[in-house]
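Working notes, structure below.
The values are calculated or read from the model by the stated rules, or taken from the named source; none is laboratory data. Small disclaimer: the values here were computed from a predicted structure and weren't measured. In this analysis, Cβ positions are derived from the backbone assuming ideal geometry, glycine residues included, and neighbour counts consider all displayed protein chains.
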Amino acid sequence: DTGVSQDPRHKITKRGQNVTFRCDPISEHNRLYWYRQTLGQGPEFLTYFQNEAQLEKSRLLSDRFSAERPKGSFSTLEIQRTEQGDSAMYLCASSLYSRNINQPQHFGDGTRLSIL
Amino acid sequence: GIQVEQSPPDLILQEGANSTLRCNFSDSVNNLQWFHQNPWGQLINLFYIPSGTKQNGRLSATTVATERYSLLYISSSQTTDSGVYFCAVRVYSSASKIIFGSGTRLSIRP
């Protein structure tokens, strides 16, 4: 079990630029989640995939955000035309879902985004 | 939607002290997880405990689902226990996302 891996760990960019983050889940996990955490708050759900299908998106996920999981393994989260309010920690988690049972979610170390 | 409330919001203790952290939730849930977020931001799974009691070393947790609360006990605190403790619940109406509380920030003084 190598754990959930996220890249990069930190990203600093200017307002208006596009950024892309990558998440590699635990290999046997078929569900992959993205969360956002701002200072002093708990993580908030953004979206999740089961295999390659994106099954739910939060209203927090504006049109500038897009997530993909093309082969059902790693996932990318892209933010276009970044804004100051996008500064946050972006967390990825994965879990195994089978026989209608959801196993616990395991989190990566996150990507901290700072918008200048 | 479901509300998840944690108390206390902040807790400062001397090394060696014991503590109890509480998580209340406003609706039925089908699982509950406790996490520790260390000062480097890493979220570490502590317990997956939809009901009953579990123990892992100096930590234990109890969830009483019928009364909609969970407790996390930390005994003989160490400075490495410092950080933020979150509980997170999954509601029956959604089989995917988990909803986090706002956390309890624990500071252990040497």
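What about A:Q17, is it in a loop (DSSP other than H, G, I, E, B), more than 10 Å from chain B (Cβ to nearest Cβ) and of a type in the set (S, T, N, Q)? So A:Q17 passes the test. Against the numbered list (1) free of Cβ contacts under 8 Å to residues at least 24 places away in the same chain; (2) within 27 Å of B:I12 (Cβ to Cβ), B:T66 comes up short only at (2).
Among the residues examined, B:G16 does not qualify as under 20 Å from A:Q105 (Cα atoms), more than 13 Å from the chain's Cα centre (by Cα) and not basic (K, R). Taking the criterion of being more than 11 Å from A:W34 (Cβ to Cβ) and among the small types (G, A, S), the residues of the stretch A:67-92 that qualify are A:G72, A:S73, A:G85, A:S87, A:A88. Of the residues A:D63, A:D109, the single one that is within 21 Å of A:T2 (Cα to Cα) and of a type in the set (D, E) is A:D109. The listed residues are A:R31, A:R36, A:R69, and the only one of them that is of a type outside the set (S, T, N, Q) and in contact (Cβ under 8 Å) with a residue 60 or more places away in the chain turns out to be A:R31. Look at (1) modelled with pLDDT of 95 or more; (2) within 14 Å of the chain's Cα centre (by Cα); (3) more than 20 Å from A:S95 (Cβ to Cβ) and you find that B:N38 fails only one, number (1). Residues that are surrounded by fewer than 18 Cβ atoms within 10 Å (Cβ to Cβ) and under 20 Å from B:K97 (Cα atoms) within the stretch B:1-40 comprise B:G1, B:I2, B:Q3, B:E5, B:N24, B:S26, B:D27, B:S28, B:N30, listed in sequence order. Among the residues of the stretch B:86-93, some residue qualifies, meaning at least one is part of a loop (DSSP other than H, G, I, E, B), within 14 Å of chain A (Cβ to nearest Cβ), out of contact with any Gly (no Cβ under 8 Å at 6 or more places or on another chain) and modelled with pLDDT under 95. The set of residues in the stretch B:41-63 being modelled with pLDDT of 95 or more and of a type outside the set (A, V, I, L, M, F, W, C) consists of B:G52, B:T53, B:K54, B:Q55, B:N56, B:G57, B:R58, B:S60, B:T62, B:T63.
Those strands (runs of 3 or more DSSP E) of the stretch A:29-116 in which at least 2 residues are hydrophobic (A, V, I, L, M, F, W, C) and either farther than 21 Å from B:G103 by Cβ or within 11 Å of chain B (Cβ to nearest Cβ) (or both), considering only elements entirely within it, cover A:31-37, A:44-50, A:53-57, A:65-68, A:75-79, A:88-95.
Residues that are within 10 Å of chain A (Cβ to nearest Cβ) and assigned to a strand (DSSP E or B) were ranked within the stretch B:94-110; the one that is surrounded by the fewest Cβ atoms within 10 Å (Cβ to Cβ) is B:R105. Here B:T66 meets the list (1) away from every other protein chain (no Cβ under 14 Å); (2) under 25 Å from A:Q6 (Cβ atoms); (3) at pLDDT below 95 almost entirely, failing just condition (2).
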